[in-house]
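Each remark here refers to the structure printed beneath this line.
The values are calculated or read from the model by the stated rules, or taken from the named source; none is laboratory data. For clarity, every value in this text was computed on a predicted model and none was experimentally measured. All Cβ positions, glycine included, derive from the backbone under ideal geometry; neighbour counts span all protein chains shown.
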Amino acid sequence: MARAAALARQLPHGGRVWRALAPADSHGPELLMLRRIEHNQRLWHWSHTKAAERGEAEPEPILLEGEQELHDAAVEEQRRTAADVAAAFGLKMGG
């Protein structure tokens, strides 16, 4: 088992194995850097607009494969945690 783990660790990011096991974690550093550069370019362009002066429509980074599912799961976990805390204090959560 340890040998298999050592071999798997040497597989390239973005390979079939990593995409199958954890799509959100399968992106290599090159893709993550390109996404950051692209987002910074859009932020720079946006910062010179009237919308930026009003604080509206700030561009978001492009979501890569699997990131939306991770985000949705984290939001759901926070919602459950908030509901548990509210229940402990005898409060009801809206929604």
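Residue by residue through region 45-72, note down the ones that are surrounded by fewer than 10 Cβ atoms within 10 Å (Cβ to Cβ) and within 26 Å of residue 27 (Cβ to Cβ). Answer for region 45-72, where residues must be surrounded by fewer than 10 Cβ atoms within 10 Å (Cβ to Cβ) and within 26 Å of residue 27 (Cβ to Cβ): just 60. Looking only at residues in region 19-39 that are at pLDDT 85 or above and among the basic types (Lys, Arg), the one that is farthest from residue 66 (Cα to Cα) is 36.
Across region 76-95, the number of residues qualifying as in a helix (DSSP H, G or I), surrounded by fewer than 12 Cβ atoms within 10 Å (Cβ to Cβ) and more than 22 Å from the chain's Cα centre (by Cα) comes to 4.
Of all the listed residues (51, 73, 20), the sole one being free of Cβ contacts under 8 Å to residues at least 40 places away in the same chain, part of a helix (DSSP H, G or I) and over 29 Å from residue 5 (Cβ atoms) is 51. Of 42, 16, all but one fail to be among the basic types (Lys, Arg) and either within 16 Å of the chain's Cα centre (by Cα) or at pLDDT below 75 (or both); the exception is 16.
Residues that are under 17 Å from the mean Cα position of the chain (by Cα) and touching a residue at least 40 places away in the same chain (Cβ under 8 Å): does region 56-63 have at least one? No: region 56-63 contains no residue that is under 17 Å from the mean Cα position of the chain (by Cα) and touching a residue at least 40 places away in the same chain (Cβ under 8 Å).
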